[in-house]
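Written below as structure tokens is the structure these notes are about.
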Amino acid sequence: MAVAKLEREAAEANEMLPRMARVAQVRKETYDTFTLALESAGGEPFPGFAPGQFSMLYVFGNGELPISISGDPEDHGRLLYTVRSVGKTTQALVSSQPGDGIGTRGPYGSHWPLKVARGKDVLIVAGGIGLAPLRPAIHYILRHRADYNRLIILYGARSPRDLIFRKQLEDWGRLPDTQVLTTVDYGGLSWTGHVGVVTGLFRNVRLQPFHTVAMICGPEIMMRYVIWEMEARGMPPGDLYLSLERNMKCGIGFCGHCQYGPNFICKDGPIFPYHEVRSWFGRYEL
Amino acid sequence: MGAALSGASRGFEESAMTLDNLVNTLFEHPFLQGFAPEHIDKLAAMASEVCFRKSELIFREGDESSFFYLLLSGKVALETNMPGRTLRIVTLGTGEELGWSSMTAHHSKQFQARSLEETRALAFDGVRLQHACDEDCRLGYTLMRAMLRVVAQRLQSTRLQLVDLYSPLSAQVG
Amino acid sequence: MVSNLPAMGTPFVLPAAGLAQIFPSLQRRGYQVVGPAVRGSAIVYDLLNGFDELPAGWTAEQEAGSYRLKRRNDGALFGYAVGAQGWKRFLYPAEARVFEAQRNGRAFRILNDATPPPRYAFVGMRACELAAMAIQDRVLLGEQYSETIYQARRHGVFLVAVNCTVSAPTCFCGSMHTGPPAQAGFDLALTELVDAQRHVFLVEAGTRQGAEVLAELEAKEADATVRQDAEKAIQAAMAQSQRRLRTTGIREMLYGAFEHPHWDEVAARCLACGNCTMVCPTCFCTTVEDTSRVDGSQAQRWRKWDSCFTQNFSYIHGGSVRMSIKARYRQWLVHKLAAWIDQFGSSGCVGCGRCITWCPAGIDMTQEVAALWEQPSAAPPADLRRVP
């Protein structure tokens, strides 16, 4: 009996063992991007997560990947993950059906600075699927709207068919004290919105440096130019937060893959205040 | 409805602004930041207020249009036509400029410009602008520097758009 | 069993032959003994059945890219420096199954693996190896999460340390402050004294378990002469020419040397074979492989050693971040000697010199670092706005 208890404790303490979850819904966002809604299969509710955190999702016999949680942190019954199909494991994830079992580990990692941003303007700048890890922050801000000043969302994608959460962006744009600007690299005749790089949207924003916290997520090159633009407009580096990405095998700081200078993206990140990674950011082949 | 002028420009109306208003509007336009008051006055004398309707074509590919516009409100898209589709490659709005190529030797447009919503602008005849620069070198220098800023920023943005940075396979270029 | 245990830290003396008793003593306690042995043309650490498997009378000549077994002119059991690999392959196996899972309809369940972990006794740990193990403890046994495979094997391992009385030209434990004498962390520590007149071991216990085992050996309290001889023997190891690595300020120097031209110079020689990471006693990078049976009924997750030198170590979004060998060598060196300090509070290098011996291109990390020190990057950062 004592041995069984020790074994159970050992199993519980083994953070490399996935917890069982079940696919509740798979929702198509674009031609290659889908949002999975997972429910806990073990009877116990999921542990809560903070906006910006990620889980390691395991497809039986296929592989495991870090995926940012993209849903409302106050929805305790389901965890949402927005996945772009680019390889064998992401393809398996987006092709799963309601009822399928998926393993989860986590949530892991650092989170968006929602406390620090209280009382200030929040500027959210997203590129491509980078809007997904930011959506939980937007949910949180909208649920605690009085705690924040203006909410500004700048979002860019390659083309109109690559935009995710389009309906939500429109809904958010109609809310008071909320400005949502969306742009694409190129569009067709049915696109009457902005066309151009995300940095071009800044000319439509009245930025208040020192009274704004910026949360940025997208391809690294996009984040570089966005940061450049914001610094040129007087934003102090300590008020810019970015979400970085590297190869991960364990998510808990043991496999060594996600190192970024002295930082482990899985435990020191993925969210960093820019001034902490400034001397590393943009270094070629870091 | 405006009278048609030579070239492909349409939609001109008689100026509804007083000269004072015009000067103030110019002062406030980001393109003219740093221009001396006497230069603003010279430009005001050359400016025409124009208005384009929603979906109106401002100029077409190949047009010899030589107008340079300072956009006051609304939105304009630059478009290019391909077999089977038309692509919008950049939108320009309030506080921006359209038609910088009218200040270069070759005027024919490489893209077409369409007003996406009702757009108000101040239009300048490129040929007149160039003459004014030839006569007043200080104005010319200031104007060219401002143009360079515009072109540099457009080039920068275009380069970023070219990189296809949202693609996950951007590394596999070969 | 004597009722009074030998006091910890008190040196005892034991004839060499008497050390043989340590094997049954450890085996009786359920340990599998691991120690040095000659296997092929190298001294490696392996499971040992008996005392006679120890490499009596053997030593190894080591230099950059070269390792040769050589016969000694005495019967010393530990008359060599470090072997090809450290002890990490026992505590942190090169391949280990993390879990096995079975399909359960459209879900699956993780099968509980009730296999108890092996209990090891390491005989012949060098001071640098003890330090390396302490470093891996800091990496793998965290406040929030622990690497469970390492934890299970690490917990309860019995450590018999050996104070080095010889060092190899590739050693630089002096620079890294990790040896030659084993300071702490052992259950028992031995110092071998061998000459024409005698072959004895000075033994001291570092823990209660060590004292219990010591009590079963026929050891007598050591007199001052033997103690002094042991000190001298250890100092002789220290005095033997060792390589040097300048460590003061190395973190800032390496962080600032990101664009140093010397990296290209090393990259021209480095084959990215990853030998250095395999033999390094502190390297800990692993990868995870998820496999399943062809019929899809069962799946396994395996954890395997990985190396930052492989091309797809840093693979993300269709490409690798570190494509060039230059970037990968730089990553390894800067991590080992600089970033490790920020991550885990100490250097990642213990000065064992294995990476120098076992590099097929003979790259000597101490020389590469010296080259970086000699010409610290004088060029200002390319983007002056980014101040390191």
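The values are calculated or read from the model by the stated rules, or taken from the named source; none is laboratory data. Just so it is clear, the model here is predicted, and its values are computed rather than measured. Heads up, the Cβs are rebuilt from the backbone with ideal geometry, glycines too, and the neighbour counts pull from every protein chain shown.
Some points to look at:
- Candidates B:Leu122, B:Leu57, B:Leu78, filtered to the one that is away from every other protein chain (no Cβ under 14 Å), of a type in the set (A, V, I, L, M, F, W, C) and either under 21 Å from A:Val195 (Cα atoms) or in contact (Cβ under 8 Å) with a residue 60 or more places away in the chain (or both): B:Leu122
- Against the conditions (1) without any contact (Cβ under 8 Å) to a residue 60 or more places away in the chain; (2) out of contact with any Phe, Trp or Tyr (no Cβ under 8 Å at 6 or more places or on another chain); (3) on the phi < 0 side of the Ramachandran plot, B:His39 satisfies every one except (1).
- Just one of the listed residues (C:Thr282, C:Thr310, C:Thr277) is within 15 Å of C:Cys355 (Cα to Cα) and touching a Gly at 6+ places or on another chain (Cβ under 8 Å), namely C:Thr282.
- Selection within region C:198-248 - closer than 19 Å to C:Phe172 by Cα, in contact with a helix residue (DSSP H, G or I) (Cβ under 7 Å, 6 or more places away or on another chain) and assigned to a loop (DSSP other than H, G, I, E, B): C:Gln242, C:Arg243, C:Arg244, C:Leu245, C:Arg246, C:Thr247
- Flag for A:Gly256 being in a loop (DSSP other than H, G, I, E, B), facing another protein chain (nearest Cβ under 10 Å) and either among the charged types (D, E, K, R) or in contact with a Cys (Cβ under 9 Å, 6 or more places away or on another chain) (or both): yes
- When A:Gly173, A:Gly196, A:Gly119, A:Gly188 are checked against the criterion of being more than 23 Å from A:Val86 (Cα to Cα), free of Cβ contacts under 8 Å to residues at least 40 places away in the same chain and buried (at least 23 other Cβ atoms within 10 Å of the Cβ), A:Gly196 stands alone in meeting it.
- Total residues in region C:1-54, condition part of a loop (DSSP other than H, G, I, E, B), more than 27 Å from C:Ala230 (Cα to Cα) and over 26 Å from the mean Cα position of the chain (by Cα): 2
- Annotation: A:Pro209 fulfils all but one of (1) part of a helix (DSSP H, G or I); (2) touching a Gly at 6+ places or on another chain (Cβ under 6 Å); (3) over 27 Å from A:Ser68 (Cα atoms); the unmet one is (1).
- Condition check for A:Cys250: more than 17 Å from the chain's Cα centre (by Cα), in contact (Cβ under 8 Å) with a residue 60 or more places away in the chain and farther than 30 Å from A:Arg118 by Cβ: yes
- Complete set of residues in region A:24-67 that are within 14 Å of chain C (Cβ to nearest Cβ) and of a type in the set (Gly, Ala, Ser): A:Ala24, A:Ser40, A:Ala41, A:Gly42, A:Gly43, A:Gly61, A:Gly63
- Whichever residue in region A:224-247 is in a helix (DSSP H, G or I) and touching a His at 6+ places or on another chain (Cβ under 7 Å) and, among such residues, is farthest from the other protein chains (Cβ to nearest Cβ): A:Gly238
- Number of residues in region A:193-223 that are more than 7 Å from chain B (Cβ to nearest Cβ), over 19 Å from A:Phe272 (Cβ atoms) and among the charged types (D, E, K, R) equals 1.
- Top-ranked residue of region B:94-121 - restricted to ones that are under 10 Å from the mean Cα position of the chain (by Cα) and on the phi < 0 side of the Ramachandran plot, ranked as surrounded by the fewest Cβ atoms within 10 Å (Cβ to Cβ): B:Trp100
- For region C:238-249, the tally of residues that are aliphatic (A, V, I, L, M) and closer than 25 Å to C:Lys336 by Cα stands at 2.
Residue-by-condition table, conditions (1) surrounded by fewer than 21 Cβ atoms within 10 Å (Cβ to Cβ); (2) within 27 Å of A:Ile152 (Cα to Cα); (3) not assigned by TED's automatic domain parsing to the domain that holds A:Arg233:
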residue	(1), (2), (3)
A:Ala50	yes, yes, yes
A:Gly63	yes, no, yes
A:Ser68	no, yes, yes
A:Asp72	yes, yes, yes
A:Thr89	yes, no, yes
A:Pro98	yes, no, yes
A:Ile102	no, no, yes
A:Gly127	no, yes, no
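- Region C:95-143, subset farther than 18 Å from C:Ala182 by Cβ and of a type in the set (Val, Ile, Thr), residue surrounded by the fewest Cβ atoms within 10 Å (Cβ to Cβ): C:Thr115
- Residue-level check: of (1) out of contact with any Ser or Thr (no Cβ under 9 Å at 6 or more places or on another chain); (2) over 30 Å from A:Asn14 (Cβ atoms), A:Met223 misses just (1).
- Applying the criterion of being over 28 Å from the mean Cα position of the chain (by Cα) and touching a residue at least 60 places away in the same chain (Cβ under 8 Å) to the residues of region C:97-145, the residue that is nearest to the other protein chains (Cβ to nearest Cβ) is C:Phe108.
- Residues being part of a helix (DSSP H, G or I) and surrounded by 21 or more Cβ atoms within 10 Å (Cβ to Cβ) - total across region C:160-175: 1
- Any hit, region C:291-300, residues being touching a helix residue (DSSP H, G or I) at 6+ places or on another chain (Cβ under 9 Å), of a type in the set (Lys, Arg) and away from chain B (no Cβ under 14 Å): no
- Residue match in region A:92-107 (condition: modelled with pLDDT of 95 or more and under 13 Å from the mean Cα position of the chain (by Cα)): yes
- The conditions of being assigned to a loop (DSSP other than H, G, I, E, B), in contact with a Lys or Arg (Cβ under 7 Å, 6 or more places away or on another chain), among the hydrophobic types (A, V, I, L, M, F, W, C) and within 14 Å of chain C (Cβ to nearest Cβ) are not met by A:Cys250.
- Taking residues in region A:261-286 that are in contact (Cβ under 8 Å) with a residue 60 or more places away in the chain, and partners anywhere that are assigned to a loop (DSSP other than H, G, I, E, B) and among the hydroxyl-bearing types (Ser, Thr, Tyr), the pairs with Cβ atoms closer than 9 Å and at least 6 places apart or on different chains are A:Lys267/A:Ser110; A:Lys267/C:Tyr145; A:Asp268/A:Ser110; A:Gly269/A:Ser110; A:Pro270/A:Ser110; A:Ile271/A:Ser110; A:Phe272/A:Ser110.
- Selection of region C:241-269 for residues being touching a Pro at 6+ places or on another chain (Cβ under 8 Å), small (Gly, Ala, Ser) and surrounded by 16 or more Cβ atoms within 10 Å (Cβ to Cβ) yields C:Gly256, C:Ala257.
- In summary, helices (runs of 4 or more DSSP H) completely within region C:278-385 and bearing 2 or more residues that are closer than 25 Å to C:Tyr45 by Cα occur at C:354-357.
- Any hit, region C:242-254, residues being in the same structural domain as C:Ser307 (by TED's automatic domain parsing) and over 30 Å from C:Pro180 (Cα atoms): no
- Of the strands (runs of 3 or more DSSP E) lying entirely inside region A:121-186, those carrying at least 2 residues that are polar (S, T, N, Q) are A:178-184.
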